[in-house]
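The values are calculated or read from the model by the stated rules, or taken from the named source; none is laboratory data. Since the model is a prediction, treat every value here as computed from it, not as a measurement. So basically every Cβ, Gly included, is an ideal-geometry build from the backbone, and we count neighbours across all protein chains shown.
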Amino acid sequence: MRILFITASRIGDAVLSSGLLGHMVDRYPDAKITVACGPAAAPLFEAVPNLEWVIALEKRSLGRHWLHLWRDCFPYRWRAVVDLRNSAVPYFLFARERYSKGSSVEGLHVVEQMGRVLGLEEPPAPRLWTAPEHWQAAELWLPPGGPVLAVAPVANWRGKQWRAARFVELIRRLTGPEGILPGAQVAVFGSAEDRVQAQAVIASIPPGLRVDLVGGPDLLTALACLRRCSFFVGNDSGTMHLAAAAGIPTLGLFGPSKDELYRPWGPRAAVARTALTYDQLVGGPGYDHKTTGTLMDSLSVEAAEIAARELWRRCRDEAA
């Protein structure tokens, strides 16, 4: 028995789809699992139970990557194929069940849309799996100790990126004597490509409290590191969704992206967004996704701090 799960190219979208994969794993506990996704997201699925194969789909001209996927999967018979990319591949495979995402629903969170694919009453909360080696590596990157504030100061495009100076000030407030995590270590997360943009934040943290994880651990080790943290704050990014999936209090900073669709999912998550709406930001004069700088300036440090304190208080009260 085999299950084929075709999901996103981007890390954040792949994380949001992982609950649906978890549902399939639970429904068919003896099935061998194949996941097809973009190369960046592929490491997320290395520890899926009964994993047979992760197919990293390199995008090719004229949609030839779909032909390659069909060629790889055609020799097998599939108990079910779940296609969140709405390709034609499932219809040319031997499969007893086929599910496709269909058209997006305006205003409905991506996780809720995932639930509709299988007609689920409860949205499938993101679920990621780790192996012992990820926990062992996490202990080396982030040794046990006191509280840790996790931050991700970079996003996949500049418009979504809060200014470094504001991150520096928010970190100072949250880890100061009157903050939610006084004296905490600060772990900075990001990819190797984020190094230049994250450097100002990294450099601002005192050496004794600084944990520089930018470009270091792989995705599942980063997830294990996040599970060791006390609180997360960061731009709308894949790391934000990883933090929410890790189950720690997660504050996402939003501006020119739709939090109703992409807010961090879960009862221990919240959003602080710009005073200007999404439409005001992306509809402004001269807006160009490729060249426009940060559109996050109408989110003040004060507003982000208030949101962080409210989330911290809520999580603390619920745990009491």
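How do the pairs read when you match residues in region 148-175 that are surrounded by fewer than 20 Cβ atoms within 10 Å (Cβ to Cβ) with residues anywhere that are assigned to a helix (DSSP H, G or I) and among the β-branched types (Val, Ile, Thr), using Cβ under 7 Å and keeping only pairs 6 or more apart or on different chains? Here the result reads ALA164/VAL201; ARG166/VAL301; VAL168/VAL201; GLU169/VAL301, each pair linking region 148-175 to a residue that is assigned to a helix (DSSP H, G or I) and among the β-branched types (Val, Ile, Thr).
Considered as a group, the residues in region 71-88 that are hydrophobic (A, V, I, L, M, F, W, C) and more than 28 Å from the chain's Cα centre (by Cα) include one that is surrounded by the fewest Cβ atoms within 10 Å (Cβ to Cβ), and that residue is PHE74. Of everything in region 175-187, what is out of contact with any Leu (no Cβ under 6 Å at 6 or more places or on another chain) and within 16 Å of VAL233 (Cα to Cα)? Give them in sequence order. Residues satisfying the conditions are GLY176, GLY179, PRO182.
Residues that are assigned to a loop (DSSP other than H, G, I, E, B) and touching a Lys or Arg at 6+ places or on another chain (Cβ under 7 Å) were ranked within region 249-270; the one that is farthest from MET296 (Cα to Cα) is PRO249. Set side by side, the residues ILE6, ILE33 differ, and just one is farther than 20 Å from ARG263 by Cα, more than 20 Å from the chain's Cα centre (by Cα) and β-branched (Val, Ile, Thr), which is ILE33. All conditions in (1) crowded, with 18+ Cβ neighbours inside 10 Å; (2) within 25 Å of the chain's Cα centre (by Cα); (3) in a helix (DSSP H, G or I) hold for ALA125, with the sole exception of (3). Taking (1) outside the structural domain of ALA243 (by TED's automatic domain parsing); (2) of a type outside the set (A, V, I, L, M); (3) within 27 Å of TRP312 (Cβ to Cβ) in turn, GLN113 satisfies each apart from (3). From the list TYR99, TYR91, which one is among the aromatic types (Phe, Trp, Tyr) and surrounded by fewer than 17 Cβ atoms within 10 Å (Cβ to Cβ)? Matching residue, one of TYR99, TYR91: TYR91. Would you confirm, using the coordinates I've provided, whether ARG158 is outside the structural domain of LEU62 (by TED's automatic domain parsing), charged (D, E, K, R), modelled with pLDDT of 95 or more and out of contact with any strand residue (DSSP E or B) (no Cβ under 6 Å at 6 or more places or on another chain)? So ARG158 does not fit the description; no. Filtered by the rule that a residue be assigned to a loop (DSSP other than H, G, I, E, B) and either assigned by TED's automatic domain parsing to the domain that holds ALA42 or among the β-branched types (Val, Ile, Thr) (or both), region 206-228 gives a lone residue, VAL214.
Each residue in region 102-122 was checked for being of a type outside the set (S, T, N, Q) and outside any loop (DSSP other than H, G, I, E, B), and 7 pass. For region 1-50, a tally of residues being of a type in the set (Val, Ile, Thr), surrounded by fewer than 24 Cβ atoms within 10 Å (Cβ to Cβ) and free of Cβ contacts under 8 Å to residues at least 40 places away in the same chain returns 3. Going by the structure shown, is LEU226 in contact with an Asp or Glu (Cβ under 8 Å, 6 or more places away or on another chain) and of a type in the set (A, V, I, L, M, F, W, C)? No. Would you call VAL301 free of Cβ contacts under 8 Å to residues at least 60 places away in the same chain and surrounded by 14 or more Cβ atoms within 10 Å (Cβ to Cβ)? When the stated conditions are applied, VAL301 does not pass them. May I ask you to say which residue of LEU118, LEU128, LEU108, LEU140 is in contact with a helix residue (DSSP H, G or I) (Cβ under 6 Å, 6 or more places away or on another chain) and either of a type in the set (A, V, I, L, M, F, W, C) or modelled with pLDDT of 95 or more (or both)? Residue meeting the stated conditions: LEU128.
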